[in-house]
Each structure stands twice: as structure tokens, then as C-alpha cells.
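Data block below; observations after.
The values are calculated or read from the model by the stated rules, or taken from the named source; none is laboratory data. Computed from a predicted model, the values in this text were never measured in an experiment. Note: ideal-geometry Cβ built from the backbone for every residue, glycine included; neighbour counts use all protein chains shown. Accessible surface areas use protein heavy atoms only, side chains included; no ligands, DNA or RNA. Shrake-Rupley method; radii C 1.70, N 1.55, O 1.52, S 1.80 Å.
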Amino acid sequence: MSELSPEERKRRVWALQWRRLRLMIITAWCGLTWTVGYVVAPALFGMLSGRALAGDIAGALFHIQGWVSVAVGLALLAMAMFVPPPPGEARQTTLAQTDVRIVIAMVICTLVGYFALEPLISVMRGAMAAHATMPDGSSIDAKFAVVHGISAGFYLAHSLLGAWLVMRQAR
């Protein structure tokens, strides 16, 4: 068995360190998503007497989570493009990497769920507080529930994709 050259040993150590860093980033990202969406937000609605206050606090937390998701997603995509593969592994084109596709899907879920639907949810929440009706005379509550449900679906998809991404790191 031949001994590794110092340069080869250094490359392997760097590859291992990048892998560990990627794993820590992915785990923290998914942990934030799961904690905010499935622990903190439900606890707020269960503990606070006013649903509006709970919604405002949860909205602020989802705001932070949304921006963190975009930043982390972009950082992981940059790592996939610019960090060399471990020794002995061929570099795939970036979009051919399953992990990259998962990250892109997670970012898309965030962009649609938070940055497209959340502003609409906020407007509807304000209109509900003012006891307004839709232009067609219907209650805004039903439309709010539909939009909120769609947003929750994107959040769930983001969460499940995150679980898949974390599990893939164990290979």
C-alpha cells in the first residue's frame, strides 16, 4: 500500500472539511425550518390568547427563516460550483448533482411560499382584522384559508426536501 503524498493528504483533509461544513450548514438550515414551522409557530398559537399577535410573531420568524433559506441555498449552490470534489471523484455538472437539485427545489419553495404568498397573506390578514369582504362580496376568511394552506404546502415540501437532503449526507 503506497503512502499518500503530503499534497494528496492535504487535498483529502480539505475535502473532508468542506463536507463537514456543508453538513453543518444543511443541518442548521433544516433545523431552523423545522423548529420555526413545527415547534415555535404552533406553540405561539397555543400559548398566546390573541391569534393576531401569534400570527405577527410567527410571521416575523418566518421572515427570518425565509431570508436565511435564500442565503443558505445560494451559499450551498456556490459551494457545489466552486469547491473541488474529493480526490478520486469526478466533478459532475452542477445541475446533474441530486443535492443541487434538492437545494434549488428548497429555494423555489421558499421563494413561492414566503416571498410570493406571504405578502398576499399579510394583506388578507389586515383585511380580516378590518372585517372587510372580497370585491365579489364573499368572506375573506375562506380565501385566506386557501392561500395559507397553499403556503403551508410549500413549507411542508421545503421541510421534506430538507429531510431528504440531510439523509443524503449520510452516504
> Counting just the residues of the range 1-51 that are modelled with pLDDT under 90 and among the aliphatic types (A, V, I, L, M), which one comes out farthest from the chain's Cα centre (by Cα)?
Replying inline: M1
>> If T98 satisfies all but one of (1) out of contact with any helix residue (DSSP H, G or I) (no Cβ under 6 Å at 6 or more places or on another chain); (2) surrounded by 13 or more Cβ atoms within 10 Å (Cβ to Cβ); (3) more than 30 Å from G126 (Cβ to Cβ), what's the number of the condition it fails?
In response: (2)
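Can you work out which of the residues in the range 107-116 that are open to solvent by less than 30 Å² (accessible area, probe 1.4 Å) and not small (G, A, S) is farthest from G149 (Cα to Cα)?
Taking the range 107-116 first, the residues open to solvent by less than 30 Å² (accessible area, probe 1.4 Å) are 107, 109-110, 113.
Applying the additional criterion that residues be not small (G, A, S) yields 107, 109-110.
Working: V107: 19, C109: 14, T110: 14 Å.
The qualifying residue farthest from G149 (Cα to Cα) is V107.
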>> Within the range 28-43, does at least one residue satisfy the condition of being over 14 Å from Y155 (Cβ atoms), assigned to a helix (DSSP H, G or I) and in contact with a helix residue (DSSP H, G or I) (Cβ under 7 Å, 6 or more places away or on another chain)?
In response: no
> How many of the residues making up the range 139-171 are out of contact with any Ser or Thr (no Cβ under 7 Å at 6 or more places or on another chain) and either at pLDDT below 80 or of a type in the set (V, I, T) (or both)?
Replying inline: 5
> Considering the range 19-61 alone, what residues qualify as being open to solvent by 50 Å² or more (accessible area, probe 1.4 Å), farther than 20 Å from I102 by Cβ and touching a residue at least 24 places away in the same chain (Cβ under 8 Å)?
Replying inline: A52, L61
>> Looking at Q65 and the list (1) open to solvent by less than 70 Å² (accessible area, probe 1.4 Å); (2) farther than 19 Å from S151 by Cα; (3) of a type outside the set (A, V, I, L, M, F, W, C), which single condition is not satisfied?
In response: (2)
>> Could you go through the range 75-84 and let me know if any residue there is surrounded by fewer than 15 Cβ atoms within 10 Å (Cβ to Cβ) and within 25 Å of G153 (Cβ to Cβ).
In response: no
> Among (1) at pLDDT below 85; (2) touching a Ser or Thr at 6+ places or on another chain (Cβ under 6 Å), where does D136 come up short?
Replying inline: (2)
